[in-house]
Amino acid sequence: MAETFSITLEQTSDYQFVVNFDQEKIPALITDEGAPLGHDTGPSPTRLLAAAVGNCLAASLLFALRKFKNSPEPLQAHATVSLERNAQGRMRVAGIDVTLNLGVPAAELAQLERVLAQFEDFCVVTESVRQGIAVTVAVRDADGRVLKG
């Protein structure tokens, strides 16, 4: 059975919107476009996309590591979006590069190879976005050692 949810966006001025989520505990979020269209009073849709991909990957990695009783905290995700113009001259998201940083050295983590081989497959947002946008992922441990990517 498919799962659904809804959010509501209400324009407040120019390109600024208030996003109301379908859960009462989640506060409203203000979004806005950057200058010259908007006034930078909140994240733009492109920045929200980057946040969604980075957050989903970090949460998926955390879940996979915790499944083997690991404590990799604190995790950090850094997402870089590449914007390019298409053949019609319209701006598009060409790619998203995500680096996930673990809070501990790799040697402290059990089943790390297994986790790194599969955690991306369980990330709903990233795997959906990848159907149209290139997403690369790197993982580093607390010592800066590249574990993936």
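Please enumerate the residues belonging to the range 64-84 that are outside any strand (DSSP E or B), farther than 18 Å from Cys123 by Cβ, without any contact (Cβ under 8 Å) to a residue 40 or more places away in the chain and out of contact with any Gly (no Cβ under 6 Å at 6 or more places or on another chain).
Within the range 64-84, Ser71 is the sole residue that qualifies.
Do we find a residue being at pLDDT 95 or above, under 19 Å from Gln11 (Cα atoms) and either under 17 Å from the mean Cα position of the chain (by Cα) or polar (S, T, N, Q) (or both) anywhere in the range 31-39?
yes
Note down all Cβ pairs under 7 Å where the first residue falls in the range 114-131 and is without any contact (Cβ under 8 Å) to a residue 60 or more places away in the chain, the second is aliphatic (A, V, I, L, M) and not in a helix (DSSP H, G or I), and they're at least six residues apart or on different chains.
Going by the 7 Å Cβ cut-off, the qualifying pairs are Leu116/Val139; Leu116/Leu147.
Go through the range 85-122 and count every residue that is in a loop (DSSP other than H, G, I, E, B) and closer than 30 Å to Lys69 by Cα.
Going through the range 85-122 one residue at a time, the tally reaches 7.
If you scan the range 72-83, which residues turn out to be over 13 Å from Val115 (Cβ atoms) and out of contact with any strand residue (DSSP E or B) (no Cβ under 8 Å at 6 or more places or on another chain)?
Listed by number, the residues that qualify are Glu73, Pro74.
Which one is farthest from Leu83 (Cα to Cα) among residues in the range 93-137 that are in contact with a strand residue (DSSP E or B) (Cβ under 6 Å, 6 or more places away or on another chain) and either outside the structural domain of Gly54 (by TED's automatic domain parsing) or surrounded by fewer than 13 Cβ atoms within 10 Å (Cβ to Cβ) (or both)?
Step by step, filter the range 93-137, then rank; the result is Thr136.
Only one of Arg140, Arg85, Arg66 is loosely packed, with under 15 Cβ neighbours inside 10 Å and farther than 20 Å from Glu33 by Cβ. Can you tell me which?
Arg66
Residues that are at pLDDT below 95 and either over 21 Å from Ser44 (Cβ atoms) or over 13 Å from the mean Cα position of the chain (by Cα) (or both): does the range 99-120 have at least one?
The answer is no, given that none of the residues of the range 99-120 is at pLDDT below 95 and either over 21 Å from Ser44 (Cβ atoms) or over 13 Å from the mean Cα position of the chain (by Cα) (or both).
Any residue in the range 47-56 that is more than 27 Å from Val18 (Cβ to Cβ) and either part of a helix (DSSP H, G or I) or outside the structural domain of Asp14 (by TED's automatic domain parsing) (or both)?
No, the conditions are met nowhere in the range 47-56.
Within the range 123-137, can you find the residues that are closer than 12 Å to Gly95 by Cα and either of a type in the set (Phe, Trp, Tyr) or part of a helix (DSSP H, G or I) (or both)?
Thr126, Val129
Can you name the condition, by its number, that Val19 falls short on among (1) outside the structural domain of Arg140 (by TED's automatic domain parsing); (2) at pLDDT 95 or above; (3) surrounded by fewer than 16 Cβ atoms within 10 Å (Cβ to Cβ)?
So Val19 meets the others, but not (3).
The values are calculated or read from the model by the stated rules, or taken from the named source; none is laboratory data. Predicted, not measured: the structure shown is a model, and the values here were computed from it. Here the Cβ is made from the backbone with ideal geometry for all residues, glycine too, and neighbour counts use every protein chain on show.
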